[in-house]
Ligand SMILES: *Cc1c(COP(=O)(O)O)cnc(C)c1O
């Protein structure tokens, strides 16, 4: 059963209620290795399901375009203050609807259509919104890219500097969606300064690691920080933009009225609750455990002959090149899902295959760490991954079903917030 219970939906809309229960069970019974996903607390779920949904509050605390903001203003102010304290930044805007619009607001603030922007290329580990051709960010701006070195799988900062000094972008973005290694924020900031670009750190994936002290922070080095709130940070779906004092006004104007209308106040409350959770000492343990689990899983997979891009991980994420195993990422991911192990297929740097049928899989440990799995479980998890991939190659469906049952058996001892076996 979904937790909190949903009796009103059950009586008014049994079709949707049934699907919500089914999704809660599916989440509970599968090992969630998608590195951008997590499980929010019941407190965060509650915040998102409140009457705060009902209120319009275009503007910012104290400067709104609608009346009746007596309660919304302190909620947003608390969220902002908690973000500032947790990340050590001068200014925070908690209104972006999600990570993609947050990045769009950054472009609106510091670039004109047709200007050059620079980020990591999508197939190398960047995000769509870092100027990929299919994205508005690649269509409305002149996007130039850097990648990783083929021999190391790591960003080559000399290449970044060469491209930046040649292309003179207005904006230089560091961060991405498939980067298993520590991001050198001071180095990116120095290159941006030399090239005359605004440096932007997109920490969507690693915000929780930064908050918990398990990855160096861009604060104090990089003037503009963009993040989602729902990945390692373990909050509701949403985003924040954090800046130094000099870039605060431009960002606020870009988010509203530049890009968005009314903020999602229920999400703002959920972000505030999540930021409080992330400020607790236990969250530091959580962040450290995410990294320890990722390193243990990397070691266990390597022991079974799997090739990891860059040879390992420093953070929550592993990128596995399956070329040597003789299977593509997509059939492997589909078989793993059947075996109760949920992850995504992904391009690997210099991938010879097509993006919709690439060579790799991407996995991460934020969600399983939330459930309480530790390093001692990683060899068994690597074993199941290996069995499922081998079974996929042999079309051995019985093994996939057996692994799925074993996964369910393990997870029964590690409840997830949001589902309960008992009604
Ligand atoms: C997830 C992500 C985003 C986009 O977030 P959405 O909420 O999915 O729009 C942006 N940048 C990076 C690096 C991300 O990982």
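The numbers here are math on the coordinates, done by the rules we state, and not lab data. Since we're looking at a predicted model, the values are computed, not measured.
Brief remarks follow.
- Share of Cα-Cα pairs in the range 47-278 lying beyond 28 Å, as whole percent: 27 percent
- The eigenvalues of the Cα gyration tensor, multiplied by 5 and square-rooted, give the range 100-232 an equivalent ellipsoid with semi-axes of 20, 17, 15 Å from largest to smallest.
- Once you divide the Cα radius of gyration of the range 339-423 by 2.2 N^0.38 Å, the number left is 1.26.
- The range 329-423: relative contact order in percent, alpha carbon pairs under 8 Å with at least 6 residues between: 32 percent
- Note on the range 289-411: Rg/Rh from Cα positions, Kirkwood definition for Rh, rounded to two decimals, is 0.94.
- Within a Gaussian network of the chain (alpha carbon springs, distance under 10 Å), most fluctuating of 54, 103, 293: 54
- Euclidean distance of C-alpha centroids, the range 346-364 and the range 290-323, integer Å: 15 Å
- Gaussian network model of the chain, springs between alpha carbon atoms under 10 Å - residue of 14, 236, 218 with greatest fluctuation: 14
- Hydrodynamic estimate: the Kirkwood radius of the chain over Cα pairs, inserted into Stokes-Einstein at 25 °C and 0.890 mPa s, corresponds to D of 110 µm²/s.
- Cα centroid of the range 4-40 to Cα centroid of the range 203-219, whole Å: 29 Å
- Length-normalised contact order of the chain in % [C-alpha pairs under 8 Å, at least 6 apart]: 23 percent
- Most mobile listed residue (12, 376, 57) in the chain, GNM with C-alpha springs under 10 Å: 12
- Computed from the Kirkwood radius of its Cα pairs, the Stokes-Einstein diffusion coefficient for the range 196-252 at 25 °C and 0.890 mPa s stands at 211 µm²/s.
- Relative contact order of the range 224-329: 17 percent, from C-alpha pairs under 8 Å at least 6 residues apart in sequence.
- Value at 222 nm in deg cm²/dmol, rounded to 500, when DSSP H runs of n ≥ 4 in the chain each add -39,500 (n - 2.57): -13000 deg cm²/dmol
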